[in-house]
Amino acid sequence: MSAVAARRRTLPGFGLTMGLTLTWLSVIILIPLAGLFLKSLELSPEQFWNILSSRRTLNALRVSFGLAFAAACVNLVMGSIIVWALVRYRFPGRRLFDAIVDVPFALPTAVAGVALTALFAEKGWLGAPLAALGLKVAFTPVGIFVAMIFIGIPFVVRTVQPVLQDLDPEIEEAAGSLGASRWQTIFRVILPSLAPALLTGLALAFARAVGEYGSVIFIAGNLPNVSEIAPLLIVIRLSEFRYADATAIAVVMLVVSFVIIFAVNRLQRWAQSRIPAR
Amino acid sequence: MTIEVRNLVKSFGSFKALDGVDLKVDSGELVALLGPSGSGKTTLLRIVAGLDWPDSGEVFINGEDALAQGARERHVGFVFQHYALFRHMTVFENVAFGLRVQPRAVRKDEAAIRIRVKELLDLVQLDWLADRYPSQLSGGQRQRIALARALAIEPRILLLDEPFGALDAKVRKELRKWLRSLHHEIHVTSIFVTHDQEEALEVANRVVVMDKGRIEQIGSPDDVYESPASAFVHGFIGESIELPVQVEGGAVRLDGRPLALAADGLAPGASKLFVRRHDMLVGPPGSGAFEGAVRHVRNFGPVQRAEVTLSGGKTIEIDAPRDKELRVGDTIGLEPRRYRIFAG
Amino acid sequence: MTMQIADSIPLSASDAKARAQAAAARDNLRTEPRAVRIVIIALAMLFLTVFVVLPLVVVFAQAFSRGVLAYLAALAEPEALAAIRLTLLVAAISVGLNLVFGLVAAWAIAKFDFPGKTFLITLIDLPFSVSPVISGLVFVLLFGAQGYFGSWLRDHDIQILFAVPGIALATTFVTFPFVARALIPLMQEQGTQEEEAAISLGASGLQTFFRVTLPNIKWGVLYGVLLCNARAMGEFGAVSVVSGHIRGETNTMPLLVEILYNEYQFVAAFAIASLLAMLALITLIVKTVLERHLDEGQEPSDH
């Protein structure tokens, strides 16, 4: 493109700023992450496998991934309901609730952790009635699930909200005039149109919940093999100076994060390709 | 299938979109609703489709009270201005949508749906695009798919909102011809909205000219062009010379000077004189109702367009045949071959 | 309306009923029955109340459970003051670094076209998807006693881990994307015409940046700094791994919350937590205001 060349010539500073960007990016992000992978290469495949296949590691990964996925699914459903209410309906307090959705983004995770624990502990405001119903939340895997739901709330809402807002009202009218009932319009036209955004929100909520530490460890109970999450196990291995174990677990989690980033990028591209160029 | 609306009134806040509209469309007609933006034509179309509801008035489709039915019971094919194709569905699925959402009791089986969609895609000559997505189509192709989708439900009537509005000039002209021949083929009662007079005159059997929520004139394309019923229609359709005149004592006066024009049956008072540009015949000075000096001449294909300043001081543009010699500075006489005078 | 209907055709009672139903159905093209609407709104409000509002309320309720005096006393503890100081210091360092980086990176990425741009943005986004614990771990592996630079650092008597530099580094890692991500889309959208005009009028590169670009992106800069700061002050996992939890020295506010909580000093823990919660609430309020400013300067279709 000749426009590219022209641009490079007119505005100064490309070499300098790009150089600084790449240097700083390397120092802060790339070299430290590369160090992690290098460290893991010091392990033989057999050692690597032994660490990962130990019962405690497997259970921690299972707890983190399983509950994160379940929480992300709850966020998908509840996030859709919240988005629908915020975008399509007018009700008192709508703007306040809209702003509140971002609280899990902004609230430090340690604060969220102690707050959720206090709320769901056996004597807490919600923990007490739930305990009376026979459901113990705090210090059980259910508590982890609750904390992961909390931190995932904004992801689905904030990725789907702009897409629903921009959805052309004509497509709903078109569906209606073609004889579709309201439910057919929602399930055959609106939800498929939102699908890329919904899946992106699901993936982001899942990625966040898998790696979450602060808001989970207070409420989790942290019982090995039962309510111990993978990030906590990394911290424990570090404190035991078992760096190899910590590294192996971290590499697995990091690879999953990369896969999710890749998937989200693909989803974004898919969504882009379906926008009609008017 | 006939369409009839009676005394439709619709306001959006303080804006009166429709102000007492009556219209009858006969079976098999192709009617154009023509008017400037804000004239209420799209609102009228949406009310007939059941996408909007009037504040008062009646709508009948084939003699049935349409206002007692929602949009999905009316079996009206509606083609949206921006097509509103479902972007996550292929062309095939878009066209099949109306068939797939029918109640189970009347729904066609998959094989029958495939045959029907195939027929429709053949009809709009785009069967080769069945597996594409809307984002992969050109504007003209999207337009035709939107039409096929609307026809899939075997609509009783077909409504098109600015069907060619979003297309470029060349595609627009092709699609116009195509729509007319398609209508000839399927003969479904149709109304389309347009702000483009050429489009309305070329495609429609009948033209409904609207302005400010009211119908100004209903007639054949020839009628509205040759015998405009109001000053608005004359000014809106075709290029006209418009001069403010005074009718008094059986004479028509321009800038106080009487013109040699018949004033029979005209109400006295301020009026407007309309003459088509090509209906101003050029003659020697003193030969016609007007006299003026040629200011500027340009050639436009078969005609030459001249800017003429009349003796009263007003400047008009006329179209004269190329064989008539016009030179800047000439004084000429002008005689309107045909003209209309409207009160107001 | 009824008058006009009576004028034209007399309607039977059943016709009138059908019309009323159809008129109600007109809204159905783009919305749901009233009962469904109420259920959806109620579900959304209930969910947000349980998962978001109540945890916030609990923080303040617990912090003030022994009264205002106990609350203030907890905040006046030397340990608490040290944590507040450290948190402010670390936030200042990492926000400052990331602000400079964000501006530089946004200039390179938004104002020029080059191959691999999307990939570069993905790399900048990386810390968002890395578990905070791993963000801390990578620095332990680099600078820890057994780390790549561990022995060199020991020989030269430089303390990074379990000290302020380590905490600042981990925080910088975690907050790396905020400013750049706030600025890149904004600057991309504003294009390069104004800068090109300034250059063609004889301005230098820096003059162009400070007089043309910066005024155009000031709300975006504030937005990025705001979010970056909130995360920097609140970061827990990464900091927890590199801090060493030395009381009065390497405990930030979130770490102190944990320590106090684990020592059953609930009022003190929630008092510190309440400060952080207030920070979050103020951040959200300012963010809402800034978003309004940002929207004003942009086309509505951008988000």
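The values are calculated or read from the model by the stated rules, or taken from the named source; none is laboratory data. Computed from a prediction, not measured in an experiment: that's the story for all the values here. Every residue, glycine among them, receives a Cβ derived from its backbone with ideal geometry; neighbour counts consider all protein chains shown.
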Output the number of the condition that B:A166 fails; it satisfies all remaining conditions of (1) small (G, A, S); (2) closer than 13 Å to B:L85 by Cβ; (3) over 18 Å from the mean Cα position of the chain (by Cα). (3)
Look through the range A:231-249, keep the residues that are facing chain C (nearest Cβ under 9 Å) and out of contact with any Lys or Arg (no Cβ under 9 Å at 6 or more places or on another chain), and return whichever of them is surrounded by the fewest Cβ atoms within 10 Å (Cβ to Cβ). A:F241
Qualifying positions in the range C:110-138 - free of Cβ contacts under 8 Å to residues at least 12 places away in the same chain and hydroxyl-bearing (S, T, Y): C:T118, C:T122, C:S129
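Each row is one residue, and each column tells you yes or no for (1) among the hydroxyl-bearing types (S, T, Y); (2) under 30 Å from C:T288 (Cβ atoms); (3) in a helix (DSSP H, G or I).
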residue: C:G136; (1), (2), (3): no, no, yes
residue: C:Q146; (1), (2), (3): no, no, no
residue: C:D157; (1), (2), (3): no, no, no
residue: C:L169; (1), (2), (3): no, no, yes
residue: C:Q188; (1), (2), (3): no, yes, yes
residue: C:I199; (1), (2), (3): no, no, yes
residue: C:A203; (1), (2), (3): no, no, no
residue: C:F209; (1), (2), (3): no, yes, yes
Answer yes or no as to whether A:V157 is over 30 Å from C:L142 (Cα atoms) and at pLDDT 95 or above. yes
Can you find a residue that is within 8 Å of chain A (Cβ to nearest Cβ) and closer than 24 Å to B:E216 by Cβ anywhere in the range B:19-32? no
Members of the range B:156-196 that are acidic (D, E), closer than 22 Å to B:Q125 by Cα and not in a strand (DSSP E or B): B:E162, B:D168, B:E174, B:E185
What number goes with the only condition from (1) at pLDDT below 95; (2) of a type in the set (A, V, I, L, M, F, W, C); (3) farther than 25 Å from C:A180 by Cα that A:L67 does not pass? (1)
Determine which member of the set B:L259, B:L281, B:L273, B:L266 is closer than 22 Å to B:A343 by Cβ and at pLDDT 85 or above. B:L273
Pairs, first in contact (Cβ under 8 Å) with a residue 60 or more places away in the chain in the range B:257-279, second of a type in the set (D, E), C-beta under 7 Å, six or more apart: B:K272/B:E242; B:F274/B:E242
Here the residues within the range B:242-256 that are within 18 Å of B:G292 (Cβ to Cβ) and either surrounded by fewer than 18 Cβ atoms within 10 Å (Cβ to Cβ) or at pLDDT 90 or above (or both) are B:E242, B:P244, B:R253, B:D255, B:G256
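Which helices (runs of 4 or more DSSP H) sit wholly inside the range A:82-127 and have at least 3 residues that are at the interface with chain C (Cβ under 7 Å from one of its Cβ atoms) and more than 19 Å from the chain's Cα centre (by Cα)?
Where helices (runs of 4 or more DSSP H) fall fully within the range A:82-127 and carry at least 3 residues being at the interface with chain C (Cβ under 7 Å from one of its Cβ atoms) and more than 19 Å from the chain's Cα centre (by Cα), they are A:109-120.
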May I ask you to list pairs of residues, at least six apart or on different chains, whose Cβ atoms are under 6 Å apart, with the first in the range A:226-243 being without any contact (Cβ under 8 Å) to a residue 12 or more places away in the chain and the second being of a type in the set (G, A, S)? A:L238/A:A246
It is to be established whether one or more residues within the range A:127-141 are of a type in the set (S, T, Y) and surrounded by 23 or more Cβ atoms within 10 Å (Cβ to Cβ). no
Cβ-Cβ distance below 8 Å, separation of 6 or more or different chains: which pairs start in the range B:224-253 with a residue that is part of a loop (DSSP other than H, G, I, E, B) and end on one that is polar (S, T, N, Q)? B:P228/B:Q217; B:A229/B:Q217; B:S230/B:Q217; B:I237/B:Q197; B:G238/B:Q197
Tell me which residues, restricted to the range C:195-231, are facing chain A (nearest Cβ under 10 Å) and within 13 Å of the chain's Cα centre (by Cα). C:L226, C:L227, C:A230, C:R231
Would you check if C:A182 is touching a Phe, Trp or Tyr at 6+ places or on another chain (Cβ under 7 Å), in a helix (DSSP H, G or I) and within 27 Å of C:R211 (Cα to Cα)? yes
Any idea which of B:G63, B:G70, B:G77, B:G98 is at the interface with another protein chain (Cβ under 8 Å from one of its Cβ atoms) and farther than 28 Å from B:Q125 by Cα? B:G70
Could we say that B:A169 is crowded, with 21+ Cβ neighbours inside 10 Å, farther than 26 Å from B:G63 by Cβ and of a type in the set (G, A, S) here? no
If you scan the range C:138-161, which residues turn out to be within 20 Å of C:V90 (Cβ to Cβ) and at pLDDT 90 or above? C:V138, C:F139, C:V140, C:L142, C:F143
Considering (1) more than 16 Å from A:V27 (Cβ to Cβ); (2) hydrophobic (A, V, I, L, M, F, W, C); (3) surrounded by fewer than 20 Cβ atoms within 10 Å (Cβ to Cβ), say which one C:F149 fails and leave the rest. (1)
Name the residue that is farthest from B:L45 (Cα to Cα), counting only residues in the range B:197-215 that are more than 9 Å from the chain's Cα centre (by Cα) and assigned to a loop (DSSP other than H, G, I, E, B). B:N205
Checking the structure you have, find out if any residue of the range A:180-188 is buried (at least 23 other Cβ atoms within 10 Å of the Cβ) and under 27 Å from C:V239 (Cβ atoms). no
If you scan the range B:114-162, which residues turn out to be hydroxyl-bearing (S, T, Y) and within 26 Å of B:T194 (Cα to Cα)? B:S135, B:S138
Out of the residues in the range B:1-38 that are farther than 17 Å from B:G57 by Cβ and touching a Phe, Trp or Tyr at 6+ places or on another chain (Cβ under 9 Å), state the one that is modelled with the lowest pLDDT. B:G38
Does at least one position in the range C:60-77 carry a residue that is of a type in the set (F, W, Y), part of a helix (DSSP H, G or I) and surrounded by 15 or more Cβ atoms within 10 Å (Cβ to Cβ)? yes
Filter the range A:142-156 for residues that are within 12 Å of another protein chain (Cβ to nearest Cβ) and over 12 Å from the mean Cα position of the chain (by Cα); the one that is surrounded by the most Cβ atoms within 10 Å (Cβ to Cβ) is A:A147
Hits in the range C:83-134 (condition: assigned to a helix (DSSP H, G or I) and either among the acidic types (D, E) or at positive phi (or both)): C:D125
So which residues in the range B:38-60 are at positive phi and within 13 Å of chain C (Cβ to nearest Cβ), if there are any at all? B:G50, B:G57
